[in-house]
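The values are calculated or read from the model by the stated rules, or taken from the named source; none is laboratory data. What you see is a predicted model, and the numbers here were worked out from it, not measured in a lab. Glycine also receives a Cβ, built like all others from the backbone with ideal geometry; neighbour counts cover every protein chain displayed. Note: accessible area is taken over every heavy atom of the protein model, side chains too, but ligands, DNA and RNA are not part of it. Shrake-Rupley method; radii C 1.70, N 1.55, O 1.52, S 1.80 Å.
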Amino acid sequence: MAIRFGILAFPDVQQLDLTGPYEIFASAEGAEVHLVWKDLSPVRSSTGLWLQPTVTFADCPPLEVLCIPGGSGINALLEDEETLDFVREQATQVRYVTSVCTGSLVLGAAGVLRGRRATTHWNAHDFLDRFGAIPAGGRVVRDGNLITAGGVTSGIDFGLAVIAELLGQPEAETVQLSLEYAPEPPFHSGTPDEASPAVLEATRRRLAGSRARREEFLSRRYPPL
């Protein structure tokens with residue numbers, strides 16, 4: 001019997017948040033991976049890659065894992081009751097409810113993070129407590145059946161961790177080796193602690209627009225504690 005994964009595919013999703021876990025999940029033995037959205041019209045990622053949903057909310061089969069990726073498009077999802085209702089319903093049924101990057105904020109808006117340890121992209125980490133979450137460090141954070149991952153590339157580590165939970169470490173390691181996942185980054189600027197002050201400031205400026213829009217919405221609906 002196939003193990004079914006569902007990944008939310010929405011306009012302005014960060015494509016690597018989605019395609020990183022997708023590649024890991026789809027490479028596992030017996031996996032069936034669905035891209036889930038309101039309808040089957042193609043959606044454009046935040047960097048311009050077009051993605052094709054495979055099932056709708058209404059037609060989504062029973063899932064073992066629901067994954068919410070992040071990206072600038074989550075700003076709209078935070079007040080999209082149709083999507084939040086789907087996430088709430090699935091969270092009561094799936095074996096694992098999960099997120100990558102700022103996708104955790106959607107879980108927060110759906111009420112899934114209350115009283116639970118979670119992480120997200122470093123530039124949104126301070127928003128987690130607005131949803132009653134317990135902000136946690138780490139690239140992949142597990143709290144019961146909730147598994148959240150940090151920034152964009154952590155989706156690959158996260159995917160392997162989920163496969164290990166479902167199918168065992170040998171299968172996860174087989175997937176890792178088949179994809180030759182052995183990262184050796186040419187630079188050490190992958191976290192705010194590692195980056196130089198100049199790079200950190202430039203990155204904050206680049207991300208400022210999306211953060212400001214998110215802050216404006218959250219301040220209205222989820223004021224700071």
Original post:
Considering only protein heavy atoms and a 1.4 Å probe, what is the carbon-and-sulfur percentage of the accessible area of region 77-121?
Top reply: 37 percent
Subject >> All-pairs Cα distance distribution in the chain, expressed in whole percent, bin size 5 Å >> reply: 1, 7, 15, 20, 21, 17, 11, 5, 2, 0, 0
**OP:** Using DSSP to define loop residues, name the GluC sites (Glu not before Pro) in region 80-112 whose beta-carbon has at most 14 other beta-carbon atoms within 10 Å.
**Re:** none
**OP:** Quick one: grab the alpha carbon gyration tensor of region 1-127, order the square roots of its eigenvalues as a ≥ b ≥ c, and give me rounded if a/c is under 1.5, else prolate or oblate depending on whether a/b is larger than b/c.
**Re:** rounded
**OP:** Output the Cα-based Rg and Dmax of region 35-108 in Å, rounding Rg to one decimal and Dmax to a whole number.
**Re:** 11.9, 33
**OP:** Using only the alpha-carbon atoms of region 119-217, report the extent along each of the three principal axes, biggest first, to the nearest angstrom.
**Re:** 43, 36, 19
**OP:** Within region 143-225, list the chymotrypsin sites (Phe, Trp or Tyr not before Pro) lying in a DSSP loop whose Cβ has at most 13 other Cβ atoms in a 10 Å radius.
**Re:** 187
**OP:** Kindly identify region 109-155 as rounded, prolate or oblate by the Cα gyration tensor criterion: order the square roots of the eigenvalues as a ≥ b ≥ c, call it rounded if a/c is under 1.5, otherwise compare a/b with b/c, prolate if a/b is larger, else oblate.
**Re:** oblate
Original post:
Over region 68-225, what relative contact order in percent results from Cα pairs under 8 Å that are six or more residues apart?
Top reply: 19 percent
Original post:
For region 42-143, with every protein chain kept in place, what is the accessible area per residue (1.4 Å probe, Å²)?
Top reply: 38 Å²
Original post:
Which three semi-axes in whole Å describe the equivalent ellipsoid of region 69-111, each the square root of 5 times a Cα gyration tensor eigenvalue, listed largest first?
Top reply: 16, 13, 7
Original post:
Of all the Cα-Cα pairs you can form in region 181-225, what percent are over 12 Å apart?
Top reply: 70 percent
Subject >> Viscosity 1.002 mPa s, 20 °C: Kirkwood-radius Stokes-Einstein D of region 139-195 over Cα pairs, µm²/s >> reply: 170 µm²/s
**OP:** Determine how large the accessible area of residue 80 is when every protein chain is in place; take a 1.4 Å probe and give Å² rounded to the nearest 10.
**Re:** 30 Å²
